[in-house]
Structure formats: C-alpha cells, structure tokens
Amino acid sequence: MSGTSILDRLAALDSNTISDALDFLSLKGATYGLRPLWECPKIVGRASTVQVGPKTDAKPTTHLLTPVIDAVTTDDRVLVIAGGTEGISCWGDIVANASKQKRIRGTIIDGMSRDIDGSRDVGYPVYGRGVTMISARNRLVQVASGTPLQVRGVTVHQDDYVIADNCGTVFVPAARIDEVVDLAERIDRRQARMVEAVRAGHPVSEVMHDSQFEAIRQSDSAPTLQQTAAPEAVSSPHNPKSAIPEDKELVALFADSDTPAVSDALDKLGIPGQAFGIMPLANYTKVTVGPAFTVRYVPASDPPGSVGDFVDDVAEGDIVVIDNGGRTDCTVWGDIMTQYAGLRGIAGTVIDGVCRDVNRAIGDDYPLFTAGRWMRTGKDRVQVGGVNESVGIGKVRVNPRDIVVADANGVVIVPRARAREVAEVARKIEQSEEGIREMIAGGATIAEARKKLGYHTLQRHGKDE
C-alpha cells in the first residue's frame, strides 16, 4: 500500500482511535502535554526529526531548523523537534512562513514556541508544550536531524507517522503503520456502531461492556448490540430519573450567578470551594449548574472492573463529578459518554483528570470541565471505585448532591447545606458590583463608587457590606 494511501486513511481517523489501536497492539506512541498552540487543524504526516540542545559556545551558528526546512522536497513532512528547554522558544513566525512555503504540514515541538500569532496568521499548525517570548538565539542550537528522538517518553524515528489533533499527539512506527491503521479503522467502525446503539436507547453499561470492546479484535461481521437485541429490548434514550423538587429549587437559586460571584460569596463565608486547575473545555457562554453525582476512580484491578456503568444512574440535570486523582495519563470520559449524557439530559461533567474525543463534546455543546485533554483510554488502566461518596476535585471536597457551578472561568462547589446562604450572598455581591458599574458609567470615579458601595468588604470573610 502506498504512503499516500496510508496518509489518507490515517487522516480519516483521530488521535483517540490511533491511541486505542496502539494499546491493543501494546505499542507506545501516545504523548501527553503536546497540544495545539492555536486553534489549528489536525496534522497528519511523516516525521522529519530534529534534536536541539543548549548552545555551549559563542561561535555564530546557522539558525536552528533552517537546514532541515531547506532540505524538504516532499509534501508529507511534519517537523518533530525534541530537546526544547522550558521557557525558551525553538519555533517562531519566520520559520513558520518558510515551512508553509515548503508545504510542510506542521510542527510538533517537545518545547516552546514564540510569535504564535505569526504561525496562526499563515495557517501553519504548531503543537507543543506552550508559548513564550524568549528567543532561542544564543541559547539553543540544532544538534542533529534525521535521527531517533525521545519525545515525552516515546521514541520517534525519521519517517514515522504522526497524527496530532485537539486531544494531543500520537506517533506510529513506520514498520507497523499498516497494522495500526487496519485495526484503527475496525475500532472506528465498531465505536460508531456503539454510538448508534446509545442513540437507539441501549444502556451505556451494555454498550461499553468489555465484550463490545473485545469484539473489536474480531472481524467487522461480529454482532453488535443493535444486531443482537430484539427491538422491544431497546429502551428510550430519555432519562427515567427526573430531578427532585429540592434539586430544582437549589439549582434555580444560582440561575443568574456566575462562578466569580459564587467564589466571592464562598470567600466571604469562609467556605473553600474553588476547584483549582479544573478548566472549561471551551469558552462557554452560559453557566452550568447542577447537583453533584460523584464518582471515584481507582487503578484497575485484575481482571479490570467497569469504567462507565454509573452513568445509567445519573438523574436529569445532575453534573457528573469524577475524581481520577488528577491523573493525566489516561482518560475517563469520551464521545460515547458525551453522547449518552446529552441524550439523558445530564447537565455536564467535571473531571479531576483528563477527557478525550473533545470535538464531539464541543460540537454537541456538552459542558466539560477537566484538568486537560488526552487521547489515551482509561480502559484496563482505571475503574470505578465508588459512586455517590465524598471525592476530591481540584483540592476541594465534594459531597454527593453538593451544588456545582461551572462556567468559562472554572468550577466552584457549594456545600448543599449552605447553598441558600451562598446564593443570597452572591446575589448581594452581584447587586453591589452592578451598582459600581452604573456609578462609573454615570461619571463617578472607581474609588468613589467602591467606597460608597463598600467594595472592599464585599468578599471579606465575616464582614458585612
């Protein structure tokens, strides 16, 4: 099979599916922490490897990367750069423009980039650890090219295959690409059928049963739930578990609040509730509020236990709150869970850990708040250790049925027993801040407005306005 054909087939897949195929084949290739540095498209191509390292003398040198860029003669290349130093750039807008002219498909950096707006302006995809303004000049030099590299614990050879998207970056050994893509295509078809089964109303505990995953190893003719279950056995995807009146009442108290106001109210009342490091998957324009359905994950046993059955017990309007101990090496939420949760009216998901299949969640506008994103499955790595018990999320204790408020700023947890009190204080703070804005618009100085409306006491613990 030609390289072009393989690249086309690889491009039709995503990093999640390729990661799953590597897992089945016991191959390393998934890397964590190399993310898109602007909202760039997926990269699929073959690696041109570059090793950089610290500059150790004062001799003038050719700018790093330029010899590799000049040497490119085909349109299937992805630059893979290893050896970057934290805080120092090894990529910028001039080399982005040069690479674009050479029809290089994109750059993966185990390091930092600067001038990222320049890469975005010419539509050149860059994935890496982060951005900086500090130049590599007189700090980093090119050490080697076309040689094996270590990228986040994965060995990458010249001409290996690369796929990078919103969930991260995966490398596939060139010698195994046919085998990996064949299996990934089977996984993709099988998982598409699993999503269809969810849409048809099958419980997710059946759809995501180990037998369904093991069927991926078989041919595409292996039966799925839709093929084996009688029509009358399929239930409606509508959630039979409705929100109780008290839940609806408490949620309504926060309908007009946002997380900054609730955070200030928690501070004033001396309640810890801000979930550190748990951020929105997208820049959501609405606030998500709901009672917590708590889930605790633990390392997988032998044989491993279930990973997603709990979602059948989550009520309409609940927010699933998952404690995976802050692990970033495997995910606990993907597209099937997103699809099912959306169909059942679940309000959103908060994870002290990572998620995958982010395009599905973004496309469905399903609210996800996590410590990050990665493509590697949690299956056979973690399992559910308990539900509806106290868990920890971003250094905050969350009890079952506590009220979760989440938006583009992050996540706050309100103890259920104090929800009415917190909501009232948040309302007063918001009213005071709105008064300050009105006074400023009317010509008052900010100092005058703050003094008159007691801004300095709004969030102070134990003080009234």
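The values are calculated or read from the model by the stated rules, or taken from the named source; none is laboratory data. Worth saying up front: this structure is predicted, and the values here are computed from it rather than measured. As a convention, Cβ positions derive from the backbone with ideal geometry for all residues, glycine included, and neighbour counts pool all protein chains shown. Note: areas computed on protein heavy atoms with side chains; ligands, DNA, RNA excluded. Shrake-Rupley method; radii C 1.70, N 1.55, O 1.52, S 1.80 Å.
Values as computed for the structure displayed
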quantity	calculated
Alpha-carbon radius of gyration plus Dmax, which is the widest Cα pair, for the chain in Å	25.1, 78
The chain: relative contact order as a whole-number percent, Cα under 8 Å and 6+ apart	16
Expected 222 nm ellipticity per residue - DSSP helices of 4 or more, -39500 (n - 2.57), all of the chain, to 500	-9000 deg cm²/dmol
Over 26 Å [Cα-Cα, region 274-415], rounded percent	11
Column: log10 I(q)/I(0), Debye, Cα scatterers of region 75-143, q = 0.18, 0.19, 0.20 Å⁻¹	-0.59, -0.66, -0.73
Region 274-415 - charge dipole about Cα centre, Lys and Arg +1 at Cβ, Asp and Glu -1, debye rounded to 20	380
Peptides ranked, highest mean first, by Cβ atoms within 10 Å: ranges 405-416, 152-163, 438-449	405-416, 152-163, 438-449
Solvent-accessible area, 1.4 Å probe, carbon plus sulfur percent, for region 274-415	48
Accessible area per residue in Å² at 1.4 Å probe, computed on region 250-408	34
Fully extended contour minus Cα-Cα distance, from residue 420 to residue 38, at 0.36 nm per residue	133.4 nm
Cβ-placed point charges (K, R +1; D, E -1), dipole of the chain about Cα centre in debye, nearest 20	1360
Cα centroid separation, region 333-375 to region 236-290 (Å)	16
Kirkwood Rh and Cα Rg combined as Rg/Rh, region 1-118	0.99
Radius 10 Å from Cβ of residue 291, net charge of other residues (Lys, Arg +1; Asp, Glu -1)	-1
